[in-house]
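Below is one structure, written out as structure tokens; the observations come after it.
The values are calculated or read from the model by the stated rules, or taken from the named source; none is laboratory data. It should be emphasised that the depicted structure is a prediction, and the values quoted were computed from it without experimental measurement. Cβ atoms come from the backbone with ideal geometry, glycine included; neighbour counts cover every protein chain shown. The accessibility values were calculated without ligands, DNA or RNA, using every heavy atom of the protein model including side chains. Shrake-Rupley method; radii C 1.70, N 1.55, O 1.52, S 1.80 Å.
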Amino acid sequence: MNKYKITTYGCQMNVHESEKVAGLLEKLEYSATDDINEADIVVFNTCCIRDTAEMRAFGNIGVVKHQKKKNPNLIVVVVGCMSQQEGYLDIFKQKYPYVDIVLGSRNIAMLPKMILESKNSKSKFRSNLQPDDYLETDEKTPVTRTSFPNAWVNIIYGCNNFCTYCIVPYVRGREISRDIDSVVKEVKSCVDEGYKEITLLGQNVNSYGNDRSDGASFAKLLAEIDKIEGKFRVRFMTSHPKDLNEEIVDIIANSKKICKNIHLPAQSGSNSVLEAMNRRYTVEHYLSLIDMIREKMPDCGITSDIMIGFPTETEQDFEDTLTLIKKAQYSSAFTFVYSPRQGTIAAKMEQISPAVKKSRIMKLVALQNSVTRQISKNYIGKEYEVLVEDKANKLDGYMCGRTDCGRLVTFKGDENLIGEFVNVKINEAHSASLFGNIVE
Ligand code: SAH
Ligand code: SF4
Ligand code: F3S
């Protein structure tokens, strides 16, 4: 039997699209392997959100050159965001001639056809950002899920926001929302198959439905999903502060299935930086959202993405970001150093020195760590329902899972528990990770 190996970079969107690539390849009777020496086809699902992500992907694609010499029949495929960047098709043609197929995120359904073509023709490259029949094709694309007990479900593709630092709108195209019925149908079938957590995906889930004329909205979608029978949880990401509203928060607060956990990236605590980023909200509005969420759901886990080193960021702007971190009290935050992306507005601005960026990121990380550590202490002695997800990293005999509010908890247990809900009493807290034991 033919074998495939997929390497995935980037966000959950890519993780899920790799499941679609796997689904398509399994339809062609390929089966999965982790060993490149066994593979007949290797797929790189790439990310280009920051320079580091891109370098990692290029590095690993480079390694395949050697493999292709050993096995000239090996089919090398590059999909994902990087392949959609302006000029990158030529880079692959010229510098990575052993890459056989290049496809954009919205074209992965073409993979089977391309594989057949790649066997008989020399024109092996194809990239098309915005096929008209994308939704229709996507609905029919098979999925081989790989993250039990979680199932990823896309609700909206692309992004219309054009934050001035971000490459995503250029590589993923405009927003397209699926219809409520097909999302609900997919969630139901995942629940019927035994998945215990459904994560709804979109670059900005709150703008779900805006591109449709049937009145679909994220609030309506959540309300419909909450009605589905069975014991399961729902998460969603990512929320944009300009579009998150009280109606959505009320639905989450009153729901049975939707986790009290909101990832609400602030990016910066300075109004002038937010404006230059084209984020279209103010720090005051952002903090009022946090207050509103906490008033309606005191236990809600709120997390964020924060970026330092945006071109216009002054020392005062950075101090304002630290102030925001103190006020927002995130249970955790992803912290990033701004990385110029080709073709974006911010890449053309005058850039901040690497030394300043380094000193700012260190201060930011230290502050958020101290907030996280402080918040973690509040969990000690309390009991939480945890969905068991996986073996704990590097700890034999231990498992890990998440609370409703999204905190990772480690406890003694065995693999049979994966996919079960257990009650865990927390007795230790180390920064972001909580430790406890299962109680009846
Ligand atoms: N759609 C989501 C997340 C997109 S990418 C949102 O809008 O929140 C995830 C995170 O990567 C962003 O929140 C941002 O903090 C970071 N990011 C995006 N572009 C970046 C860049 N050019 N340099 C550094 N970090 C970036
Ligand atoms: Fe990028 Fe902004 Fe869109 Fe998020 S909302 S994907 S940060 S452009
Ligand atoms: Fe990367 Fe594309 Fe996701 S650029 S972060 S894989 S949307």
Residue-ordered couplings for region 424-432, obtained by feeding phi - 60° into the Karplus form 6.51 cos²θ - 1.76 cosθ + 1.60 and rounding to whole Hz (Gly and Pro as x), are 10, 9, 7, 10, 8, 9, 10, 6, 7
Using alpha carbon coordinates only, what is the Rg to Rh ratio of region 243-372, with Rh defined as the Kirkwood radius?
1.00
Once phi is turned into θ = phi - 60°, what whole-Hz ³J(HN,Hα) does the Karplus curve with 6.51, -1.76 and 1.60 give for every residue of region 297-312, x standing for Gly and Pro?
9, x, 8, 5, x, 10, 10, 8, 10, 10, 10, 10, x, 4, x, 8
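Using Cα pairs under 8 angstrom and six or more residues apart, how large is the relative contact order of region 2-132, in percent? Show your work: numbers first, answer last.
Numbers: 208 pairs, mean separation 30.2, N = 131.
Reported as a whole number, the value is 23 percent.
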Who wins for biggest fluctuation among 32, 151, 333 in a Gaussian network model of the chain, springs between alpha carbons below 10 Å?
32
Go through region 385-396 residue by residue and turn each phi into a ³J(HN,Hα) via Karplus (6.51, -1.76, 1.60, θ = phi - 60°); whole Hz please, and just put x for glycine and proline.
7, 10, 8, 6, 9, 6, 5, 6, 5, 6, 10, 4
Counting only the backbone N, which residues of region 381-397 are under 20 Å from the spot 7 Å out from the Cα of residue 231 toward its beta-carbon?
383-391
Convex hull around the C-alpha positions of region 1-126: the volume in Å³ per residue is 99
State the percentage of accessible surface on region 383-439 attributable to carbon and sulfur atoms; use a 1.4 Å probe and exclude ligands, DNA and RNA.
43
With Kirkwood's inverse mean 1/r over C-alpha pairs for Rh, give me the Rg to Rh ratio of the chain, two decimals please.
0.96
Accessible area of region 283-337 with a 1.4 Å probe: how many percent of it is carbon plus sulfur?
53
Taking just the C-alpha trace of region 310-413, give me its Rg and Dmax in Å.
18.5, 53
Among 304, 288, 83, residue whose mean-square fluctuation peaks in a GNM of the chain (springs only between Cα atoms under 10 Å)
288
So, with a 1.4 angstrom probe, what is the percent of accessible area on region 42-84 that is carbon and sulfur?
57
Which of 167, 258, 352 moves most in a GNM of the chain, Cα contacts under 10 Å?
352
Under 29 Å from the Cα of residue 348 - lysines, other chains or at least 8 residues apart:
93, 95, 242, 357, 358, 363
Given a cut-off of 16 Å, what percent of all Cα-Cα pairs of region 383-439 lie beyond it?
28
Just to confirm, what accessible area per residue do you get for the chain at 1.4 Å probe, in whole Å²?
45
Explain nothing, just the number: relative contact order of the chain, from Cα pairs under 8 Å at least 6 residues apart, as a whole percent.
10
Amide H of residue 392: which non-local residues (sequence gap of 5 or more, or other chain) have their own amide H closer than 5 Å, using H built in the peptide plane?
398, 399, 400
How large is the charge dipole for the chain, taken about the Cα centre, if only the Cβ atoms of Lys, Arg (+1) and Asp, Glu (-1) carry charge, to the nearest 20 debye?
1240
